[in-house]
Amino acid sequence: MDLVNHLEGRLLFAVPKKGRLLQAALNLLEGADIQFRRESRLDIALVKNLPIALVFLPAADIPTFVGEGRVDLGITGRDVVAEHDAAVEGLNRASAQSGKSTPTKEEAAQKGCVEVMDLGFGACKLQVQVPEKGKYKTPADLIGKNIGTSFVHLAEEFFAKLELEADSAGGADATKKLKTNIIELSGSVEAACALGVADGIVDLVESGETMKAAGLMAIDTVVASTAVLVKSKSPSNPAMVDLLASRIRGVITAQKFVLCQYNVERTKLPQATKITPGKRAPTINALEEEGWVAVSSMVEKKRIAIVMDELTEVGATDILVLDIVNTRTF
Ligand SMILES: Nc1ncnc2c1ncn2[C@@H]1O[C@H](COP(=O)(O)OP(=O)(O)OP(=O)(O)O)[C@@H](O)[C@H]1O
Ligand SMILES: O=P(O)(O)OC[C@H]1O[C@H](OP(=O)(O)OP(=O)(O)O)[C@H](O)[C@@H]1O
């Protein structure tokens, strides 16, 4: 089937085609009941139960497709969205400086990605790193030096700001324009210092193991990133964007919370509900037994053990913890 000819009237939703964000993104789609079958080698999949087509793209390219308004929604990293924004700003600045035409206000207002929500997975930091045993201790020490990175536009923006600060603080010779040299590398960036290509690098750190293994240390953070849902500034079907956002938010909330149910004497209710205030408020039902109530309340998964300890301490009994499959609680 020629899928490209079946896209008419469908909202386009970009999903990372590989890498670290792929599985968590697919889990979200499944939780949101977005049903599709991806044919082998095809980067487009029609959704069976909604007027949507999924487009599988490299995470780093998704901000371009969404920002240009060619795709309506996307799941990608905040780091690559920031890199795309920095690239567009850099391009506009360069055009303005060279007297070339820049986008009008109206054109600019149509372009770029709008963050709909933080998806809570894929956490990492884009950090400035230098050799642990080297002479550079602060980012300012790297002004005018060689920096290896795959995030050239964010790195340029970061060092341009540092250079400006250094200039205006009189820390640099105003007659001699310092310019940090940003070297574009497409992977294994950590090797650049050891091999003499760079004095410092700007690269992603998650566990920190790669950085440590390369004998590097982080001295500043350029962007703290997680996966995000982004939309274009003028999506083809805003109602469908809202529906998908609401479903995805429901799945994320369900992943983060559990339902805690327990019985407690009515006299202890104020103390107990202080421990389990719920998202909006706890649900309280009278029990057949005089003076007792049943409480159910959403509790953050990561706090549940402490919450159960505290409830036991105030005299709650029959404490049950239930998984939430899906929610619509806002
Ligand atoms: N340790 C990590 N290293 C790189 N990216 C990470 C890490 N942890 C989370 N991420 C997030 O995952 C996104 C995609 O990175 P990943 O390297 O998996 O993609 P990819 O498409 O396979 O890219 P590439 O082929 O360039 O490595 C990053 O932009 C970032 O937001
Ligand atoms: O802090 P850590 O958990 O060690 O993860 C960080 C490393 O992971 C990524 O590299 P990737 O594995 O994608 O390979 P690459 O160097 O070829 O980009 C990133 O560029 C770092 O090198």
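The values are calculated or read from the model by the stated rules, or taken from the named source; none is laboratory data. The model shown is predicted, which means the values in this text are computed figures rather than measured ones. Note that we place each Cβ from the backbone using ideal geometry, even for glycine, and neighbour counts take in every protein chain shown.
Return the residue satisfying two criteria in turn: it lies in the range 220-256 and is of a type in the set (A, V, I, L, M, F, W, C) and over 15 Å from the mean Cα position of the chain (by Cα), and of such residues it is farthest from Asp323 (Cα to Cα).
Among those residues, the one meeting the criterion is Ala239.
If only one of Lys161, Lys179 is of a type in the set (Lys, Arg) and out of contact with any Asp or Glu (no Cβ under 9 Å at 6 or more places or on another chain), which one is it?
Lys161
Sort out which residues of the range 219-245 are among the small types (Gly, Ala, Ser), surrounded by fewer than 17 Cβ atoms within 10 Å (Cβ to Cβ) and at pLDDT 95 or above, and write them in order of number.
Ala224, Ala239, Ala245
Looking at this structure, is Ala94 farther than 30 Å from Gln255 by Cα and among the aliphatic types (A, V, I, L, M)?
Here the answer is yes, as Ala94 does meet what is asked.
Give the range 1-48 a look and list any residue that's small (Gly, Ala, Ser) and either out of contact with any Phe, Trp or Tyr (no Cβ under 8 Å at 6 or more places or on another chain) or within 16 Å of ligand 2 (Cβ to nearest atom) (or both), or say none.
Within the range 1-48, Gly9, Gly19, Ala24, Ala25, Gly31, Ala32, Ser40 meet the criteria.
Filter the range 1-17 down to the residues that are at pLDDT below 95 and either within 13 Å of ligand 1 (Cβ to nearest atom) or acidic (Asp, Glu) (or both), then identify the one that is surrounded by the fewest Cβ atoms within 10 Å (Cβ to Cβ).
Asp2
Could you list all residues from the range 1-44 that are in contact with a Lys or Arg (Cβ under 6 Å, 6 or more places away or on another chain) and closer than 22 Å to Pro63 by Cβ? So that I can check it myself, show each step before the final result.
Restricting attention to the range 1-44, the residues satisfying the condition of being in contact with a Lys or Arg (Cβ under 6 Å, 6 or more places away or on another chain) are 32, 35.
Passing the criteria: only Ala32.
Residues are listed down the side, and each one gets a yes or a no for (1) of a type in the set (Ser, Thr, Tyr); (2) farther than 25 Å from Val202 by Cβ:
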site: Val66; (1), (2): no, no
site: Arg70; (1), (2): no, yes
site: Thr76; (1), (2): yes, no
site: Ala82; (1), (2): no, no
site: Leu91; (1), (2): no, no
site: Glu107; (1), (2): no, yes
site: Gly120; (1), (2): no, no
site: Gln129; (1), (2): no, no
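Which residues, counting only those in the range 83-108, are farther than 30 Å from Ala123 by Cβ and either in contact (Cβ under 8 Å) with a residue 40 or more places away in the chain or among the small types (Gly, Ala, Ser) (or both)?
Narrowing the range 83-108 to residues farther than 30 Å from Ala123 by Cβ: 92-108.
Answer for the range 83-108, where residues must be farther than 30 Å from Ala123 by Cβ and either in contact (Cβ under 8 Å) with a residue 40 or more places away in the chain or among the small types (Gly, Ala, Ser) (or both): Ala94, Ser95, Ala96, Ser98, Gly99, Ser101, Ala108.
Condition check ((1) more than 16 Å from ligand 1 (Cβ to nearest atom); (2) on the phi < 0 side of the Ramachandran plot; (3) surrounded by 14 or more Cβ atoms within 10 Å (Cβ to Cβ)) across all residues:
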{"residue": "Arg38", "(1), (2), (3)": "yes, yes, yes"}
{"residue": "Arg41", "(1), (2), (3)": "yes, no, no"}
{"residue": "Asn49", "(1), (2), (3)": "yes, yes, no"}
{"residue": "Asp61", "(1), (2), (3)": "no, yes, yes"}
{"residue": "Gly77", "(1), (2), (3)": "no, yes, yes"}
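Go through the residues of the range 269-278 one by one and say whether even a single one is of a type in the set (Lys, Arg) and modelled with pLDDT under 95. Before the answer, list the steps.
In the first step, residues of the range 269-278 are kept if they are of a type in the set (Lys, Arg); the result is 274.
With the extra rule that they be modelled with pLDDT under 95, the set shrinks to none.
No: zero hits.
Within the range 110-155, which residues are assigned to a helix (DSSP H, G or I) and closer than 30 Å to Leu22 by Cα?
Passing the criteria: Gln110, Val152, His153, Leu154, Ala155.
Identify the residue in the range 88-109 that is part of a loop (DSSP other than H, G, I, E, B) and not basic (Lys, Arg) and, among all such residues, is nearest to ligand 1 (Cβ to nearest atom).
The residue in question is Pro103.
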